[in-house]
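Colleague: Here it is: the structure, laid out below.
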Amino acid sequence: MKVSGFTFIKNGQILGYPFLESIQSILPIVDEFIVNVGESEDDTLSLIKSIKNSKIRIIESKWNENMKDRGYVYGQQKMIAQFNCTGDWLFYIEGDELYHENDLSKIKDSMKLYLNSSNVEALVFDFLHFYGNANSYLDSPGWYRSEARVIKSSVRSYAPDGLFWLILDGNKKGRYPKAKKVDVQCFHYGWIRTEQQMNLKSEKVQKYWGKDPVIIDYSKFDQSIIREFNGDHPEIISSWLPKSDGIYHADNNYTLNKKEIKHQKMKRIESIFKLDLSKKHYKLVK
C-alpha cells in the first residue's frame, strides 16, 4: 500500500497559516507528499523547501485570477496536486488543518483495512473547528462536523472547490464518495489566527468567489455554539498556538444574523431528535 499526502497553498506565510506544521503532522504515515505552491507574495515556497524530507515533492503553479466563480480556482489547485499523486490512498490536508500524532496509526490501519474494499472509496474524519483561541471550538450544524479527507486513487474523483470531492460514474453527473468514518479528529485552526491575518485573507481570496472582502471581527459571533476544549493539541502545533486562558467570549450585545438564527433552530431540532443536521459531502456505507 502506498499513501500520498497532498495540499495546495498560496501566501501561507502572510496569511498566518500553520502550513509547515500541517504538512509535518501527517508526514510519518505518507510515502510521498505533493505540495502545490501558488505564486506568492511572501516566503511560502522557501519555507516549504526548508522542510528537509525526501517525501516532499513541490509543484509551482500560477492561479487563474479570472476564475471568480464559487471558489473553483481552489478546486483547480487541489486537483493539480491530486493528479500528481501516485499512491493507492490520497490524503488531502489544508494548510490550517492538523492531525494528532496519537491518531496516525489508526488512520494508517483504516487505510489497510479498506484498501481492497470496493464499497469504500473514502475515509471521513470528525472536525474540531477552533474559534477565537485554542481553548474554544464550535458546535453547530452551520459548521461541518465531519468531512472526507482521504480518497482512493482508483476512483474517478474531482473537486468543485477545495472542501470536498465528487465521484463520476459517468461523464455528466457527480455523486458524493462512499465512505467509512474513522474515529479521528481533524484539528482546524483557521479561525484562531489574528483578525489582521483573517482580514488580509478576506481581501486576498473573496474575489475567487466573486465577492467583496468582508470585515472579520471575532467578537461578532454566536456565543451559544462556542464550547471549551479540554483535550490535547498535536504536539507539533504547540509553539504556533496563540497563548490564552479559558474559553473565548464574544460580544454579549451582538445581534444574531438570519443564518445564525437558522442554525440555532436547527440545533434545537438536533437536540430533541438526536440528529446531526450539518452538511455532509459523503455517503456512509456499512
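Colleague: Got a sec? Which strands (runs of 3 or more DSSP E) wholly within region 157-258 have at least 1 residues that are closer than 21 Å to HIS129 by Cβ and modelled with pLDDT of 95 or more?
Modeller: Answer list for region 157-258: 178-191, 226-228.
Colleague: May I ask you to say which residue of SER136, SER146, SER105, SER140 is among the small types (Gly, Ala, Ser) and over 30 Å from GLN264 (Cβ atoms)?
Modeller: SER105
Colleague: In region 140-185, what residues are open to solvent by less than 40 Å² (accessible area, probe 1.4 Å) and among the small types (Gly, Ala, Ser)?
Modeller: SER140, GLY142, SER146, ALA148, SER157, ALA159, GLY162, GLY170, GLY174, ALA179
Colleague: Could you tell me whether any residue of region 186-209 is within 24 Å of LYS2 (Cβ to Cβ) and either open to solvent by 70 Å² or more (accessible area, probe 1.4 Å) or in contact (Cβ under 8 Å) with a residue 40 or more places away in the chain (or both)?
Modeller: Yes, there is a match, as at least one residue in region 186-209 is within 24 Å of LYS2 (Cβ to Cβ) and either open to solvent by 70 Å² or more (accessible area, probe 1.4 Å) or in contact (Cβ under 8 Å) with a residue 40 or more places away in the chain (or both).
Colleague: Report the residue count in region 248-286 for those that are open to solvent by less than 100 Å² (accessible area, probe 1.4 Å), among the β-branched types (Val, Ile, Thr) and over 21 Å from CYS186 (Cβ atoms).
Modeller: Residues in region 248-286 being open to solvent by less than 100 Å² (accessible area, probe 1.4 Å), among the β-branched types (Val, Ile, Thr) and over 21 Å from CYS186 (Cβ atoms): 2 in total.
Colleague: Do you know which of the residues in region 211-222 that are open to solvent by less than 60 Å² (accessible area, probe 1.4 Å) and not acidic (Asp, Glu) is nearest to LEU15 (Cα to Cα)?
Modeller: Among residues in region 211-222 that are open to solvent by less than 60 Å² (accessible area, probe 1.4 Å) and not acidic (Asp, Glu), the one nearest to LEU15 (Cα to Cα) is ILE216.
Colleague: Search region 47-101 for residues being in contact (Cβ under 8 Å) with a residue 12 or more places away in the chain and of a type in the set (Phe, Trp, Tyr), and hand back the single one that is surrounded by the most Cβ atoms within 10 Å (Cβ to Cβ).
Modeller: Out of the qualifying residues, it is TRP89.
Colleague: Residue pairs, Cβ under 6 Å, 6 or more apart or interchain, first in region 25-38 and under 11 Å from CYS85 (Cα atoms), second charged (D, E, K, R) and surrounded by fewer than 19 Cβ atoms within 10 Å (Cβ to Cβ). List them.
Modeller: Going by the 6 Å Cβ cut-off, the qualifying pairs are ASP31/LYS2; GLU32/LYS55; PHE33/LYS55; ILE34/ARG57.
Colleague: Taking LYS274 as meeting all but one of (1) out of contact with any strand residue (DSSP E or B) (no Cβ under 9 Å at 6 or more places or on another chain); (2) in contact (Cβ under 8 Å) with a residue 12 or more places away in the chain, write down the number of the exception.
Modeller: Of (1) out of contact with any strand residue (DSSP E or B) (no Cβ under 9 Å at 6 or more places or on another chain); (2) in contact (Cβ under 8 Å) with a residue 12 or more places away in the chain, only one is false for LYS274: (2).
The values are calculated or read from the model by the stated rules, or taken from the named source; none is laboratory data. What you see is a predicted model, and the numbers here were worked out from it, not measured in a lab. We place every Cβ from the backbone using ideal geometry, glycine too, and count neighbours over all the protein chains shown. Each accessible area value is taken on the protein alone, full model and side chains, heavy atoms only, with ligands, DNA and RNA left out. Shrake-Rupley method; radii C 1.70, N 1.55, O 1.52, S 1.80 Å.
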